[in-house]
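Asks: Once you've had a glance at the structure underneath, I'll fire off some questions.
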Amino acid sequence: FHIVIEAEQPDRFVDPEILGHVDSFETWLEAQPEIGSSTSLLDYLKLIHRVFRDDDPAFETIPPRPALSKQLLLLGGSRDLVDYVDANYSNLNIHVRTRAVDSENLRDLIERIELRLGELPAELHSKITGSTVLLAGAVDDVAGGQVQSLSLAFAFIFAILAVLFMSFRIGAAALIPNALPVAVYFGLIGFGGLPLDTTTGLLACIVLG
């Protein structure tokens, strides 16, 4: 997924102070157990700074002046830089690879990242996006929608049975054989540790039918 950080003014992402805040955030990010790696403008900038200093590892750091950062990126940057920063150095993109595979773990990770992003300077605004995040949100929506749709379906079934038999008690009793297969189905999913995704979630409708 991607973490996009936007500044209110241009050239903020060549400012060593702002880059220092981003660097601290990336260090924290890569320390999280669910994170495999992250790549950003800082990785390029530090490497170019080191190369132009006779490949001395001591200079694999953020350049001390904005003008120097811009010169280094101009001389040593590649076309890949457009994936990480815009031409005005006001929008930064961090590519993140994660080990989180289910929506619950990913949601917990994103909540932690958002809390940490809140510690950045107030002039920086951030958002987390990408296909992984959107897919996890869609799966959560499907799971939540299943609870609502099945509850509504059971309510309609109960109402029809109660009217048909002219008895709330008989309607409630007749609802049991309708609810039992659905309960067993979701129970087996939970007991077997199977993931609740778009396929397994929507099968409940078939079970109810």
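Asks: Which FRET efficiency, nearest 0.05, do Asp43 and Asp140 yield, Cβ-Cβ r, R0 25 Å?
Replies: Result of the calculation: an efficiency of 0.20.
Asks: Where nothing but the Cβ of Lys and Arg (+1) and of Asp and Glu (-1) is charged, how large is the charge dipole of the range 1-87 around its Cα centre, in debye to the nearest 20?
Replies: It comes to approximately 300 debye.
Asks: Within the range 97-144, which trypsin sites (Lys or Arg not before Pro) sit in a loop by DSSP and count at most 15 neighbouring Cβ atoms inside 10 Å?
Replies: Answer in residue order: Arg99.
Asks: What residue among Gly36, Ser131, Asn178 has its Cα farthest toward the positive end of the dipole of the chain, where the charges are +1 on Lys, Arg and -1 on Asp, Glu, each on the Cβ?
Replies: Looking along the dipole axis, the top candidate is Asn178.
Asks: So what's the angle, to the nearest 10 degrees on a 0 to 90 scale, between helix 103-117 and the longest Cα principal axis of the chain?
Replies: 40
Asks: Here is a follow-up. Full-extension gain between Phe191 and Ala122, please, as 0.36 nm times their residue separation minus the C-alpha to C-alpha distance.
Replies: Going from the current span to full extension adds 20.2 nm.
Asks: In units of 2.2 N^0.38 Å, what is the alpha-carbon radius of gyration of the range 130-209?
Replies: Relative to the 2.2 N^0.38 Å estimate, the range 130-209 comes out at 1.31.
Asks: Along the charge dipole of the chain, pointing to its positive end and built from +1/-1 on Cβ of Lys, Arg, Asp and Glu, which listed residue (Thr98, Pro121, Pro63) has its Cα farthest out?
Replies: Most positive-ward Cα: Thr98.
Asks: Just to be sure I understand the model, the point goes 7 Å from the Cα along the line to the Cβ. What's the resulting Phe52 to Glu6 distance in nm?
Replies: Result for the modelled spin labels: 3.0 nm.
Asks: A further question on this structure: When Cα Rg over 2.2 N^0.38 Å is calculated directly from the model, which label among (i) 1.14; (ii) 1.00; (iii) 1.56 fits?
Replies: Here the calculated entry is (iii).
Asks: Mind checking the angle between helix 131-165 and the chain's longest principal axis? C-alpha axes, 0 to 90 degrees, to the nearest 10.
Replies: 10
Asks: I need the semi-axes of the equivalent ellipsoid of the range 157-196: take the C-alpha gyration tensor, multiply each eigenvalue by 5, square-root it, list largest first in whole angstrom.
Replies: They are 30, 8, 5 Å, listed largest first.
Asks: Ser131 to Arg65: FRET efficiency via 1/(1 + (r/R0)^6), r the Cβ-Cβ distance, R0 45 Å, to the nearest 0.05?
Replies: 0.75
Asks: What is the Å³ per residue value for the convex hull set by the Cα atoms of the range 50-168?
Replies: 189
Asks: Helix 66-76 versus the longest principal axis of the chain: what is the Cα-based angle in degrees, 0 to 90, to the nearest 10?
Replies: Between helix and principal axis, roughly 80 degrees.
Asks: Further question: Kirkwood hydrodynamic radius (Cα pairs, Å) of the range 74-139?
Replies: About 14.0 Å, per the Kirkwood formula over Cα pairs.
Asks: Over the range 19-90, what number does the Rg to Rh ratio reach, with both radii from the alpha-carbon atoms and Rh per Kirkwood?
Replies: When Rh is taken as the Kirkwood radius, the ratio is 0.97.
Asks: Another question, if that's okay. Go through 7-14, 58-65 and give me the packing order, highest mean Cβ count within 10 Å leading.
Replies: So the peptides 7-14, 58-65, ranked by packing, come out 7-14, 58-65.
Every number here is computed from the coordinates shown, using simple stated rules; none is lab data. As the structure is a prediction and not an experimental result, all values here were calculated from the model. As a convention, Cβ positions derive from the backbone with ideal geometry for all residues, glycine included, and neighbour counts pool all protein chains shown.
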